[in-house]
Amino acid sequence: MNPVDYKAMKPVQPKANKHKEDIPPLGNEGLKDVKHVIAIASGKGGVGKSTVAVNLAVALSLQGYRVGLADADIYGPSVPTLTGTTGEQPTVDVIDANMQVFNPINKYGVKWISIGYFASPEQALIWRGPMASNALKQLILQTNWGPLDFLLIDLPPGTGDIHISLMHDIKLSGGIVVTTPQQVAVADVEKCLNMFFHKDLNKRVYGLVENMAWFTPEELPENKYYIFGKGGGEALAKKYHLPLLARIPLVQGICDRSDSGIPVANEDHPAAVAFRELAQTLISLLEQ
């Protein structure tokens, strides 16, 4: 097996051989033309958070909004696969010796950026928390987003270094938290909510999305089978006095479309209705 070529990732790799104080600070100037910066979060993996984030981005774009999405899952980026952009690489504009700007990938009317564009799919990023956090901040703040109505940030699962760093250093407008009806997911999502509400972070949560709320056969859209339980997201929303923004069904064919890089929100598909309703609910909430 050939050794991993880390030089291939140089454009987004922080200057690890320098002390922290030698690295120029990054401000939020790159986000000055972005109206809403919204984190999409979950307490645990496997709840379909990235699928929700990608389809929400596409659904917002279909309603005429200018949208970007930053894939903040450093260790398991999935946006290139979900959008059919695997193998593409953003171009880089060099501003000066200390600054370069990435031009995002455009597809489905959305601007996408991901660490997955700078590394091969099988490459493991063996980075400690501070290094990963700095790389991610570079990726988000040094991308040429241009004017946007929405920038969605697809956070990794959990409540670790990357989450804390982003909430401190990125001008987040708020967050959306994704769960499934299962109690094991709801318990972890509760921890995620308390991260947003922590006194040192104190970020708004717009509401919850219950993904895989029920199973519906694609050819029988009226049928509902609650294979992962029922009501977990609704109960959690009530406990924390948050709106349940959407209940997304698990519909046959979503997995195949996702693996093919086709967001269902862009298709004539039963689940597309739920994602478009989620987008409209978010817009209505922000207009209040």
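Between the range 149-193 and the range 91-116, how far is it from one alpha carbon centroid to the other, in angstrom?
The range 149-193 and the range 91-116 have Cα centres spaced 24 Å from each other.
What percent does the relative contact order of the chain come to when contacts are Cα pairs within less than 8 Å and at least six residues apart?
24
Please report 230, 239, 49 as a ranked list, fewest other C-beta atoms within 10 angstrom at the top and most at the bottom.
239, 230, 49
Can you tell me which of 145-156, 249-260 comes out highest on packing, and rank the rest after it, using the mean Cβ neighbours within 10 Å?
145-156, 249-260
Order of 197, 102 from fewest to most other C-beta atoms within 10 Å?
Listing 197, 102 from fewest to most nearby Cβ atoms yields 197, 102.
If the range 178-255 were replaced by its equivalent ellipsoid, with semi-axes equal to the square roots of 5 times the Cα gyration tensor eigenvalues, what would those be, largest first, whole Å?
27, 11, 10
Hey, which of these cross-link pairs are over 28 Å Cα-Cα: 199/230; 35/137; 49/238; 35/107; 44/230; 32/199?
Listed pairs above 28 Å: 199/230.
Taking N as the number of residues in the chain, what is its alpha-carbon radius of gyration divided by 2.2 N^0.38 Å?
Normalised by 2.2 N^0.38 Å, the Cα Rg of the chain equals 0.98.
Provide 101, 110 in ascending order of the number of other Cβ atoms located within 10 Å of each residue's Cβ, fewest first.
In order of increasing Cβ crowding within 10 Å: 101, 110.
Since every read-out is calculated from the coordinates, none of them should be taken as a lab result. As the structure is a computational prediction, the values presented were derived from the model and not from experiment. We place every Cβ from the backbone using ideal geometry, glycine too, and count neighbours over all the protein chains shown.
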